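Take a look at the structure set out below.
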Amino acid sequence: MLTNFQLPEDIATLKVVVLTGAGISAESGLKTFRDNNGLWENHAVEAVATPEGFEQKPSLVYRFYNERRQQLLSPEVKPNAAHYALAKLEAKLADNLWIVTQNVDNLHQRAGSNNVLHMHGSLLSARCLQSQKNVETFSNIDGTSRCSCCQPSSKMRPDIVWFGEIPKHMERIESLLMEADLFVSIGTSGTVYPAAGFVNLANHYQVHSVELNLEPSEGVTRFAEKHYGSASRVVDEFVEQLLKGC
Ligand code: APR
């Protein structure tokens, strides 16, 4: 499956960075962002995914993420074959595999992946507005929720990186990309930076780049290799081929 790329004799030494986007979770029942006239679950992105939206209508933003969290924790939402395939790859490559996800769900971890960096935050975390510390949360938060890290305690917000805010783990991601042999981008439209620019970094550091998506992304021409289809099929096939050494 891999073209113009020589796999090492011992596959466990292969260093891989995987970038995932909403497309990998689509078959798990979570909607992608750009398939609904620019609306995310019927809301304008500016209303629910910007600091200005939060300032103007905090109650709407709290409710929106509470609903997303409840949906994520509902029994219908489960990891799919693509998440499991990546966990299987981690079982072989251990710390040579890192998943950088734009997703705020926990489906990679539920499939068994440990090496996951959430660059856009997490639905299962709340952030103190004063100290910026995170705390795991499985329940609703609202304007009355208070932290336990400050004295007096402060308000909390969803631990989501909104438009105009700086994504998390950027230094770590860049150093992982510098050292990688393979960069695989899965289920992302390639429209939101800095994630959309990781393929440029990979090319700069001569890391072999692969796109696995339902359709060509915005960055399609920058990938050395591409395979299209649903994530549950394409990612599973890709990982199987990799583990077979071809
Ligand atoms: N299998 C594989 N790919 C799929 C599937 C599927 N079953 N279903 C959809 N896709 C693809 C779409 O074709 C699209 O290219 O997944 C991509 C999803 O793109 P977006 O909705 O733009 O999601 P993403 O790229 O993750 O968005 C990036 O934008 O709104 C912000 O912060 C938010 O993290 C998000 C960021």
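The values are calculated or read from the model by the stated rules, or taken from the named source; none is laboratory data. All of these numbers come straight from a predicted model, not from anything done at the bench. Neighbour counts run over all protein chains shown; Cβ positions are idealised from the backbone, glycine included. Surface areas here come from the heavy atoms of the whole protein model, side chains and all, with no ligands, DNA or RNA. Shrake-Rupley method; radii C 1.70, N 1.55, O 1.52, S 1.80 Å.
Taking only the range 83-125 into account, find how many residues are at positive phi and either modelled with pLDDT under 95 or more than 14 Å from the chain's Cα centre (by Cα) (or both).
So the answer is 2.
Scan the range 123-163 for residues that are in a loop (DSSP other than H, G, I, E, B), open to solvent by 90 Å² or more (accessible area, probe 1.4 Å) and touching a Ser or Thr at 6+ places or on another chain (Cβ under 9 Å) and report the count.
Here the count works out to 2.
Residues being assigned to a helix (DSSP H, G or I) and among the charged types (D, E, K, R): count how many of those fall in the range 164-209.
Qualifying residue count for the region: 4.
Of the residues that sit in the range 219-234 and are crowded, with 17+ Cβ neighbours inside 10 Å and of a type in the set (A, V, I, L, M), which one is nearest to residue 198 (Cα to Cα)?
Only one residue tops the list, namely 224.
I'd like to check which helices (runs of 4 or more DSSP H) are fully inside the range 1-101 and have at least 3 residues that are buried (at least 16 other Cβ atoms within 10 Å of the Cβ).
23-26, 58-72, 81-93
Name every residue in the range 139-188 that is among the basic types (Lys, Arg) and closer than 25 Å to residue 69 by Cα, in order of residue number.
Pass one, the range 139-188, residues among the basic types (Lys, Arg): 146, 155, 157, 168, 172.
Within the range 139-188, 146, 155, 157, 168 meet the criteria.
What is the residue count in the range 181-197 for residues that are under 24 Å from residue 243 (Cα atoms), more than 9 Å from the ligand (Cβ to nearest atom) and open to solvent by 10 Å² or more (accessible area, probe 1.4 Å)?
Of the residues in that region, 1 qualify.
I'm checking my understanding of the structure. Among residues of the range 211-227 that are farther than 17 Å from residue 102 by Cβ and among the aliphatic types (A, V, I, L, M), which one is farthest from the ligand (Cβ to nearest atom)?
Only one residue fits best here, namely 224.
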